[in-house]
Amino acid sequence: WAPLPTLRTPPNRVLRLPTDPFASKTTPRPMYATPQGPQTIEQAVVAWLTTVGRTAFVAENHLWSTVFGLLFRNQLFAPIPGALPTRRLSGPQDLHSPQFYAKRKTGVDQILGQIIDGQAPELLAAAHGRHWGEAIVGVNWKDYSAQDLSDVVRHLGPRATSELMLGFLMDYRAASVGLPDLVLLPGSKSKCPWLFPGYIPTGLCLVEIKGPTDSVHDNQRIAFDHLLNKGVLVEVWSISPSSNSRG
């Protein structure tokens, strides 16, 4: 049945990407030509955005779970009876339970208050340096630097960051599903002949990339609606493959 109220939907753009038919023959996923060589669809979009002076990260769920894991690292490893019985675990056994928040409410609320006060960039940078390399549930050390993470939450803003983190606290599994593929950082107004409509947003934008045979799923519609209601700009970019290289 149709939800009430009706879910908000993000605007859609069409993005023409040159395919790489030779590389595609050797991989299960279609490959696209970029100035840096053949790339998967998300990485290809990131590569082409750099040619117009814009910075983007492949995010999906990994970036946000990394932000959560670092901001709430001390709460994840808090000495809660029965929650973390061995040093070998990367997170508490009750993380996916409603009891996770309830058992750590004082410490969690303190961090949420600091996020709302605009301290998330500094908290992330400090946690990244202090705990680098630790096995923390959801944290991806490989793809995001401390500066990347700090820049994302700085531009996202305290309200949206705190709301996203609250979602992870209340239901870790649900919060990790359906988030957009890319985070596009703010930049100067750029017109791209391979994108229609052709002007890229100047502010922070979360971008969902859809290939020719893909479509927006129900859990993504819900995630997009939540983000839009928090004031976060979300767009869907539908890929139109092209056989011509932009050289």
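The values are calculated or read from the model by the stated rules, or taken from the named source; none is laboratory data. Note that the coordinates shown come from a computational prediction; the quantities given were computed from them, not determined experimentally. Note that each Cβ is placed from the backbone with ideal geometry, even for glycine, and that neighbours are counted across all protein chains shown. These area figures cover heavy atoms from the full protein model, side chains too; ligands, DNA and RNA do not enter into them. Shrake-Rupley method; radii C 1.70, N 1.55, O 1.52, S 1.80 Å.
From the list 8, 29, 88, 54, the lone residue that is among the basic types (Lys, Arg), assigned to a loop (DSSP other than H, G, I, E, B) and buried (at least 18 other Cβ atoms within 10 Å of the Cβ) is 54. State yes or no: is residue 93 surrounded by 15 or more Cβ atoms within 10 Å (Cβ to Cβ) and more than 22 Å from residue 155 (Cα to Cα)? The answer is no for residue 93. Taking residues in the stretch 192-211 that are under 17 Å from residue 230 (Cα atoms) and among the aliphatic types (A, V, I, L, M), and partners anywhere that are open to solvent by 20 Å² or more (accessible area, probe 1.4 Å) and part of a strand (DSSP E or B), the pairs with Cβ atoms closer than 9 Å and at least 6 places apart or on different chains are 207/13.
When residues in the stretch 217-229 are screened for being surrounded by fewer than 17 Cβ atoms within 10 Å (Cβ to Cβ) and touching a residue at least 12 places away in the same chain (Cβ under 8 Å), 6 of them pass.
On the basis of being open to solvent by 10 Å² or more (accessible area, probe 1.4 Å) and closer than 15 Å to residue 61 by Cα, does residue 171 make the cut? Yes; evaluated as a whole, the condition is true for this residue. The condition of being under 20 Å from residue 182 (Cβ atoms) and not in a helix (DSSP H, G or I) holds for residue 143. Can you name every residue in the stretch 142-155 that is touching a residue at least 60 places away in the same chain (Cβ under 8 Å) and surrounded by fewer than 21 Cβ atoms within 10 Å (Cβ to Cβ)? Those that are touching a residue at least 60 places away in the same chain (Cβ under 8 Å) and surrounded by fewer than 21 Cβ atoms within 10 Å (Cβ to Cβ): 143, 148.
crowded, with 21+ Cβ neighbours inside 10 Å, within 23 Å of residue 239 (Cβ to Cβ), in contact (Cβ under 8 Å) with a residue 40 or more places away in the chain and not charged (D, E, K, R): is that true of residue 59 in this structure? Criteria met by residue 59.
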